[in-house]
Amino acid sequence: MYRLLILSLILISTLLHGKNTMLWPPLSDYKYTSGRQATEDDINSGAAVFMLQIEGKSIGRPIDLLIPQYAVHIDQETGERSNVIVIQAEENDESQVIGAINIKTNEYLAALKYEFEFLGNLKQETE
């Protein structure tokens, strides 16, 4: 009976406040690549997601962007928003690409820069 009362109070509190707060993990928990092109070693160690190449020749240049940092990735097809840690940012003559880790699934993703809302490196709190 006591457990049921506690669970009910938690549920009521959540409903009344209308939010489920989540703390983001510390950026220091993540490896990253900044200020240079990513290498195969960076990818293998988890510090990068991609290498921009044509015919085996690296064509990427680092983007002047704070790395690592918190961000939200917005899927352009579904509109789904995912909290991520940005660990890489490179460009070539045609596009700017961001490498990130989804903090909920720990999956790596690479997407175009315009698909992100950048939040900086101060610890975030979200609903």
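The values are calculated or read from the model by the stated rules, or taken from the named source; none is laboratory data. What you see is a predicted model; the values in this text were computed from it and never measured. Using ideal geometry, Cβ is built from the backbone for each residue, glycine included, and neighbour counts are taken over all protein chains shown.
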Among the residues of region 49-71, the number that are among the hydrophobic types (A, V, I, L, M, F, W, C), out of contact with any Phe, Trp or Tyr (no Cβ under 7 Å at 6 or more places or on another chain) and either within 16 Å of SER95 (Cα to Cα) or not in a loop (DSSP other than H, G, I, E, B) (or both) is 7
Among the residues of region 66-81, the number that are surrounded by 18 or more Cβ atoms within 10 Å (Cβ to Cβ) and among the hydrophobic types (A, V, I, L, M, F, W, C) is 2
Note on region 8-30: residues surrounded by fewer than 16 Cβ atoms within 10 Å (Cβ to Cβ), part of a loop (DSSP other than H, G, I, E, B) and either of a type in the set (Val, Ile, Thr) or at pLDDT 95 or above (or both) are THR21, PRO25, PRO26
Which residue pairs have Cβ atoms closer than 6 Å, lie 6 or more positions apart in sequence or on different chains, and pair a first residue in region 31-48 that is assigned to a helix (DSSP H, G or I) with a second residue that is β-branched (Val, Ile, Thr)?
-> ASP42/THR33
Go over the candidates VAL97, VAL84 one by one and state the one that is in contact (Cβ under 8 Å) with a residue 24 or more places away in the chain, in a strand (DSSP E or B) and over 18 Å from PRO26 (Cα atoms).
-> VAL97
Positions within region 72-81 being assigned to a strand (DSSP E or B) and charged (D, E, K, R), in sequence order | ARG81
